[in-house]
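Have a look at the structure below before the remarks.
The values are calculated or read from the model by the stated rules, or taken from the named source; none is laboratory data. Keep in mind the model is a prediction, meaning the values are calculated, not measured. Note that each Cβ is placed from the backbone with ideal geometry, even for glycine, and that neighbours are counted across all protein chains shown.
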Amino acid sequence: MIKYAMIMLLLTTALLSGCEHSEDTKPAIISEEQAVQIVQQYEERNNRFGELKIVAVEHTGHQYKVTWERKSNCESGTHILEDRDGQIVNSTVSIC
């Protein structure tokens, strides 16, 4: 009976300690500067409308939120990128 209890205790400990190494504890792979470069490259296709200015960069959870503006055509927007691979997962753009 004691052996059974010890085995159960070891299995429970192993299962619980496995949760410590989940995806949520991994640090960001791309830097803030890389996130800005990704947005600048993405928006480069519209460079005929003028220069893009990065207004703000926030790192929350596992995402970067990069806010930008282009005053020449009254355009602004926000791109949200995954901090693991730099993939743009959401974008909003407005032109006044």
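Give me a count of the residues in segment 48-62 that are out of contact with any strand residue (DSSP E or B) (no Cβ under 9 Å at 6 or more places or on another chain) and more than 18 Å from Gln87 (Cα to Cα).
The total comes to 1.
Matching residues to (1) of a type outside the set (A, V, I, L, M, F, W, C); (2) under 15 Å from Gly86 (Cβ atoms); (3) modelled with pLDDT of 90 or more; (4) touching a Ser or Thr at 6+ places or on another chain (Cβ under 9 Å):
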{"position": "Lys3", "(1), (2), (3), (4)": "yes, no, no, no"}
{"position": "Ile7", "(1), (2), (3), (4)": "no, no, no, no"}
{"position": "Leu16", "(1), (2), (3), (4)": "no, no, no, no"}
{"position": "His21", "(1), (2), (3), (4)": "yes, no, no, no"}
{"position": "Glu32", "(1), (2), (3), (4)": "yes, yes, yes, no"}
{"position": "Gln37", "(1), (2), (3), (4)": "yes, yes, yes, no"}
{"position": "Gln40", "(1), (2), (3), (4)": "yes, yes, yes, no"}
